[in-house]
1. Sort out which residues of region 71-102 are of a type in the set (Asp, Glu) and surrounded by 10 or more Cβ atoms within 10 Å (Cβ to Cβ), and write them in order of number.
2. Pull up region 19-47, narrow it to residues that are among the aliphatic types (A, V, I, L, M) and surrounded by 10 or more Cβ atoms within 10 Å (Cβ to Cβ), then point me to the one that is farthest from residue 76 (Cα to Cα).
3. Pairs, please: C-beta under 8 Å, at least 6 apart or cross-chain, first residue without any contact (Cβ under 8 Å) to a residue 60 or more places away in the chain and in region 38-50, second hydroxyl-bearing (Ser, Thr, Tyr) and not in a helix (DSSP H, G or I)?
4. Which of the residues belonging to region 50-82 are aliphatic (A, V, I, L, M) and at pLDDT 90 or above?
5. Quick one: is residue 59 small (Gly, Ala, Ser), under 30 Å from residue 98 (Cα atoms) and loosely packed, with under 10 Cβ neighbours inside 10 Å?
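The values are calculated or read from the model by the stated rules, or taken from the named source; none is laboratory data. Bear in mind the structure is a predicted one, so any value in this text is a computation, not a measurement. Neighbour counts are summed over all protein chains in view; Cβ atoms, including those assigned to glycine, are modelled from backbone coordinates with ideal geometry.
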Amino acid sequence: MPLPLAPLIPLAVRLGLVATTTFALTRLVQSRVHPGRTDQRAEDALDELGEGLTLHRPADRSADPGDSQTNATARVRRVIRFRGRAYELDAGLMARFRLRATGE
């Protein structure tokens, strides 16, 4: 007895369209996304951060009255246990906010 495949054709067409669209979107996103880079100096600086939150204004960066800079750092290190497994969370953040007066 032959197997009726005609009812499966609409499903196969839909799946083919979804697969083609997904492949095309993936290629488009990959072609437009910058691959990024890892700077070892920045990695070392993040490793040396102390735990907690700091906010400071360096005196050597504010010699000019029209120029001010504020630096912030934050680091959280925790061990999270979930379902019998342990995960180490190490999140670090370094930020700089600089405000300069212009001649306009």
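1. 90
2. Taking the candidates together, the pick is 19.
3. So the pair list comes out as 49/73; 50/73.
4. Listed by number, the residues that qualify are 53, 55, 72, 74, 76, 79, 80.
5. On the way: small (Gly, Ala, Ser): yes; under 30 Å from residue 98 (Cα atoms): yes; loosely packed, with under 10 Cβ neighbours inside 10 Å: yes.
Here the answer is yes, as residue 59 does meet what is asked.
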